[in-house]
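S.K.: Just passing along the structure, written as structure tokens.
Only the coordinates and a few stated rules stand behind these numbers; no lab work does. Quantities reported herein were computed from a predicted structural model and do not represent experimental measurements. When we count neighbours, we look across all protein chains shown, and the Cβ atoms used for this are built from the backbone with ideal geometry, even at glycine.
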Amino acid sequence: MTEEQFRKDALDYHSMKPHGKITVVPTKPHSTQHELSLAYSPGVAYPCLEIEKDPSKAMDYTAKGNLVAVISNGTAVLGLGNIGPLAGKPVMEGKGLLFKAFADIDVFDIEVDRTDVDEFVEAVKAIAPTFGGINLEDIKAPECFEIEKRLVKELDIPVMHDDQHGTAIISGAALLNGLEITGKKIGQIKVVISGAGASALSCAEHYVRLGVKKSNLLICDSQGIITARRKKNGDLNKYKSKYARDVPDGSIGDALVGADVFLGLSKGGIVSGQMISKMGANPLIFALANPTPEIMPEEVAAVREDAIMATGRSDYPNQINNVLGFPYIFRGALDVQADEITEGMKMAATLALAKLAKEPVPDDVLAAYGGVQLQFGPDYLIPKPFDARVLIWEASAVAEAAVKEGVVSSEIAKSFNVESYRNELESRLGLTRSIMRGVIEKARRYRQRIVFTEGDHPTMLKAAEQCIREGICFPILLGRSHEIAAAKESLGLDFVCDEIDPREDPRRKTVYANALQEKRGRKGMTYPDAKRVLKSRPWFGSMMVEMGDADGIIGGISRDYPDFLRPCLSTIGMSSEAHRVVGTYMMTIKGRLMFIGDATINIYPDARTLAEIAVQTARVARRFGVDPKVALLSFSNFGSSGEFRSERIEDSLELARKLDPTLVIDGPMQADTALISEIQDQYPFMSLGGPANVLICPNLASANISYKLLQRLGDAEMTGPILEGMAKPVHVLQREDGVRDVVHMAAICALDAQRQKQGNL
């Protein structure tokens, strides 16, 4: 893409209506006169009076606790320089977008037309009561140092100048991991920094706290190495003077001779390959000038095969991007109502990022980056910006550090529990994550043996590794050992679990074949037939479950689900209590948890089957803590269209009530009637008593279409299909399932096994 085309795309992007990148959206209902009277006069007076009596109540009654001001005077905007507050507004709006997108923090961007330090500080102090935190942005050095210092001291809310600390926190994590890979000790390395602005000096301070010796650190500005001679001559401000070294004057090229680490926060193209060639062995090169680094990765690769490279760009490995820092630091600080952001909190953020980079990367992150394999190493020093786990790891580390540092109230410190807070953060990533976390915790109590039929499939292998690591279950991988080993190696996985090749397992020709022939003999299966079909992983895996050698089975990620399900039905069979097997999807949409069935098994169910679908889907809902309200969906309300009266659905209603007399169920009804209380008021005989949370579609086509539309257009999160009605736990995967989906289904399968063993169906 040409520069001119990119310019046009950027301008078009910002000018799309509504103009800009952020807006204000009401968070409370306001469609009735009563609701308006609560939102404003006269109802609003009551929280006002409560806050007057106790200012801390503002956190309960207003948006203050989740509202950050992004404040700038436009004196150092990106690489554009002093362009003024108004011209810098698109950047501040962009910062607001990132706060919201990555950490669910609301932002007002404030552009202050003041360059005088005192005037700027007073302006910020005057508006500070509105906010829970203040993110200073794009303010030139050295004024930014004084501004931040004064605001931190004079305000009782978190204040951070991201340009100073963001790069320090994130590059610090890359530094720690890069040194681990190269085997160097932080107290022995020589570090060279190009640039002496706010970010560079803050990085120097942070690196020293990490363990870099100040005597091993050289900083270069536009005039060359910051030396004791220049300090003596009065050429340096007080901030640069702290890092003046008693060494000869020289250029950045001179400084780089023998250096272990280069950090560039200056201008593009100022470092040559020749300079890099003179660095020490296995150098770390963080060239972070944007959009053009101090030296391009290709230039480094041409002279050094042993170098580890990072840039600020997304089109190269190891992007050091401030979005990995500020949203999560403020998230943790806001959630514990910290008075400030301390050095300990910043250090906690660095260590959390460094640690997370060593964890296996989820498939949804891999998908966001084109499916490229990411694992800890020279090309993956820190997590990617689109890794949702950063929220949990970093924000919780920051919050925990705030408590330890004593910058939260004693009441909050006393009640703070980091594991509970991590669960709370996970819920911000979606209701599904929160619900499944509870399922996983239950599955851990009594770990079950779960068969993974496609044991050599990359997604299954990564899911198995996660299940082992989190203690969810004991995976049993089916497949040829050499293919499993090769797949593990290609994925960089190293874990041990049971691996079985059905073709080679002696049980195939003995106990399993005998048992299967006995079970299926009257269906025409001979002993040779049994030996033959048991070469198939679904057949062998389901026999493992049937014979008690495993507790449950999941599969189907690489085959059509009937090819997986038929062997399970032939071996394990249906529960004695079930008329049909039912496939249910759990969905979370707009903060609501709902269930929809049957979208998997029964193509055009008769009245009895439809009743069974309703009862069994309600049973699944109860297992997830939902008190089911079941709606039998149709095109009309309660047979209002006489010509096409839904007698099948009406019959299923009566049958369902007989199968489960306790069940709250009604129908047939239209989907909006099922979901909207105001419409339900038109039918006073209805038994639902509010919006339905279990939706039963009249046939498989309508259910399948419904859940896929909700998923793709309504951003609903789907988990399933959850099979109900099998004699032992069996769950089908979908071809497009990722690692998280497989882990969730394994956890559900394990929990089903626990439940059956305890006799709790």
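S.K.: What is the list of residues in region 187-229 whose amide nitrogen lies under 19 Å from a point 7 angstrom out from the Cα of Asp306, following Cα to Cβ?
M.R.: Answer for this model: 187-192.
S.K.: If you average the alpha carbon positions of region 68-136 and of region 695-761, how far apart do those two centres end up, in angstrom?
M.R.: Here the answer is 46 Å between Cα centres.
S.K.: Which whole-Hz couplings ³J(HN,Hα) result when phi for each residue of region 750-755 is put into the Karplus expression 6.51 cos²θ - 1.76 cosθ + 1.60, θ = phi - 60°, listed in order with x for Gly and Pro?
M.R.: 5, 5, 4, 5, 4, 4
S.K.: According to a simple spin-label model (label point 7 Å from Cα along Cα-to-Cβ), what is the distance in nm between Phe495 and Gln682?
M.R.: Those two pseudo-labels are separated by 5.2 nm.
S.K.: Just from its helices, what would the mean residue ellipticity at 222 nm be for the chain, if runs of 4 or more DSSP H residues each count -39500 (n - 2.57) and the sum is divided by every residue, rounded to the nearest 500 deg cm²/dmol?
M.R.: -13500 deg cm²/dmol
S.K.: Projecting each Cα onto the charge dipole of the chain (Lys/Arg +1, Asp/Glu -1 at the beta carbon, about the Cα centre), which of Gly264, Met594, Met279 comes out farthest on the positive side?
M.R.: Ranked along the dipole, the leading option is Met279.
S.K.: Sort out for me the Cα centre separation of region 324-357 from region 411-475, rounded to whole Å.
M.R.: Their Cα centres are 23 Å away from one another.
S.K.: Here's a follow-up. Rounded to whole Å and ordered largest first, report the semi-axes of the equivalent ellipsoid of region 324-429 derived from its Cα gyration tensor (root of 5λ).
M.R.: With the √(5λ) rule applied to region 324-429, the semi-axes are 28, 14, 10 Å.
S.K.: Using a 7 Å offset from the Cα along the Cα-to-Cβ direction at both Lys414 and Asp315, what is the distance between the two label points in nm, to one decimal?
M.R.: Using points 7 Å along Cα→Cβ, the separation is 5.7 nm.
S.K.: Using a simple charge model, +1 on the beta-carbon of Lys and Arg, -1 on the beta-carbon of Asp and Glu, nothing else, what dipole does region 582-725 show about its Cα centre, in debye to the nearest 20?
M.R.: Charge dipole, region 582-725, about its Cα centre: 380 debye, nearest 20.
S.K.: Could you state the principal axis extents of the C-alpha atoms in region 480-622, from the largest down, to the nearest angstrom?
M.R.: Between the extreme Cα coordinates on each principal axis of region 480-622 lie 47, 46, 24 Å.
S.K.: Sum up the charges of everything whose Cβ sits under 10 Å from the Cβ of Ile219, counting Lys and Arg as +1 and Asp and Glu as -1, but leave Ile219 out.
M.R.: +2
S.K.: Full-extension gain between Leu86 and Arg755, please, as 0.36 nm times their residue separation minus the C-alpha to C-alpha distance.
M.R.: 234.7 nm
S.K.: Along Cα→Cβ, 7 Å out, is where each label goes; now give me the distance between the ones at Arg592 and Gln373 in nm to one decimal.
M.R.: According to this spin-label approximation, the distance is 4.4 nm.
S.K.: Classify region 8-57: rounded, prolate or oblate, from the alpha-carbon gyration tensor (a ≥ b ≥ c, eigenvalue square roots; a/c under 1.5 rounded; otherwise prolate if a/b is larger than b/c)?
M.R.: Oblate shape, in that a/c is at least 1.5 and b/c is the bigger or equal ratio.
S.K.: Moving on. Quick one: what do you get for the chain if you divide its Cα Rg by 2.2 N^0.38 Å?
M.R.: For the chain, the normalised Cα radius of gyration comes out at 1.12.
S.K.: Sticking with this structure for a sec: Once the piece of chain linking Lys658 and Gln711 is laid out straight, how much longer is it, given 0.36 nm per residue of separation minus the C-alpha distance between them?
M.R.: Contour length minus the Cα-Cα distance gives 15.8 nm.
S.K.: On to the next question. Picking from Pro661, Leu461, Gly438, whose Cα lies most toward the positive end of the charge dipole for the chain (charges on Cβ: Lys, Arg +1; Asp, Glu -1)?
M.R.: Of Pro661, Leu461, Gly438, it is Leu461.
S.K.: What is the diffusion coefficient of region 108-188 in µm²/s, taking the Kirkwood radius over Cα pairs and the Stokes-Einstein relation at 37 °C with a viscosity of 0.692 mPa s?
M.R.: 226 µm²/s
S.K.: Right, something else. Normalised by the residues of region 165-320, what does the relative contact order come to in percent, with Cα pairs under 8 Å and at least six apart?
M.R.: RCO, region 165-320: 20 percent.
S.K.: For region 1-95, how many pairs of lysine residues have a Cα-Cα distance under 27 Å, where the two are 8 or more positions apart or belong to different chains?
M.R.: 17
S.K.: Also: For the chain, what does the relative contact order come out to in percent, with C-alpha contacts under 8 Å and a separation of six or more?
M.R.: With pairs under 8 Å counted, the relative contact order is 9 percent.
S.K.: Quote the charge dipole size of region 388-547 about the Cα centre in Debye, to the nearest 20; the model charges only the Cβ of Lys and Arg (+1) and of Asp and Glu (-1).
M.R.: 960 debye
S.K.: Would you be so kind as to identify which of Ala388, Val372, Leu324 lies farthest towards the positive end of the dipole of region 324-429, taking Lys and Arg as +1 and Asp and Glu as -1 on Cβ and the Cα centre as origin?
M.R.: Of the candidates, Val372 comes out farthest on the positive side.
S.K.: Here's another thing I want to ask about it. Does region 582-725 come out rounded, prolate or oblate by the C-alpha gyration tensor, with a ≥ b ≥ c the root eigenvalues, rounded set by a/c under 1.5 and, if not, prolate when a/b is larger than b/c and oblate if not?
M.R.: rounded
S.K.: Taking the Cα centre of the chain as origin, work out the dipole magnitude from +1 charges on Lys and Arg Cβ and -1 charges on Asp and Glu Cβ, in debye rounded to 20.
M.R.: Approximately 2060 debye in magnitude.
S.K.: Using only the alpha carbons, work out the radius of gyration and Dmax of region 533-617 in angstrom.
M.R.: Taking only Cα atoms of region 533-617, I get Rg and Dmax of 14.8, 46 Å.
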